[in-house]
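Since every read-out is calculated from the coordinates, none of them should be taken as a lab result. Everything quoted here is computed from the prediction, not taken from an experiment. Ideal geometry is used to build each Cβ from the backbone, glycine not excepted, and the neighbour counts take in all protein chains shown.
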Amino acid sequence: MAKRTSQTLITVNLTKPELTFDAIRKAYKNLKPTDVALVSTSLIEAGKFAKATHDGLDYEWTAEDYAGMTKSLFAEVAQVQEGVSTEKLTKKAAAEQAAEEPVTLQVELKPSIRAGELVLGEREDLKTLLADIFQEGVEYLFSPTDIGWHWTLERVNWATLSGGELRRRVKFKPVFVEGAVAVELGPGGKRKVSKK
């Protein structure tokens, strides 16, 4: 069994997978290069195909779970829209209000162990290592198109689902749970600095 040489979180860069390979190679120096590649790829797949969790239910990033997840989130999107008063507003003023800073809703994500294990095939030793890595903690670095649910929810036509126009734009922020954390990368792959 491979032993970890450092106790820091493993950084999994979904935008630049080669950096994940380097992180695994440094953390597990006695692991063979092919095994490092397998573990790195499985960590990346677990992040890209992360499960969304909402109202106590988990949703895989599949066409089957798309309707359930959007229906579950729609209640929050509708609340945002109800909080915006359009009474006595001209069409121009209503359009300006919709163009304001979007409301950000958080979406909790869990790494998809199943997606990660699919990469490892019959390698039970590497599946155990993968579970250990998640137990110790993982930091995902991502851009807006790296995580399936994040990408999908940003492209849902909420106006059509609501049967009318949106009065306020909605954005979604992925937040990893269960031992994983997420940091969104800005242009050029740099960590975004949060606005105060």
Antiparallel DSSP beta bridges within segment 10-186, as percent of all bridges there, nearest 5: 25 percent
Cross-link reach list, aspartates and glutamates versus residue 127, counting only Cα pairs under 12 Å and skipping chain neighbours closer than eight places: 35, 117
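Give 32/171; 16/173; 16/110; 29/173; 26/171 a once-over and call out the pairs whose C-alpha atoms are over 30 Å from each other.
Details: 32/171 42 Å; 16/173 20 Å; 16/110 20 Å; 29/173 35 Å; 26/171 36 Å.
Going by Cα-Cα distance, 32/171; 29/173; 26/171 fall outside the 30 Å limit.
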For residue 107, residues with placed amide H under 5 Å, excluding near neighbours: 173, 175
Simple Cβ-charge dipole of segment 10-186, Lys/Arg +1 and Asp/Glu -1, about Cα centre, in debye nearest 20: 520 debye
message: For a quick check: with amide H placed at 1.01 Å from N, whose amide H comes under 5 Å from residue 180's, ignoring anything fewer than 5 positions away on the same chain?
response: 138
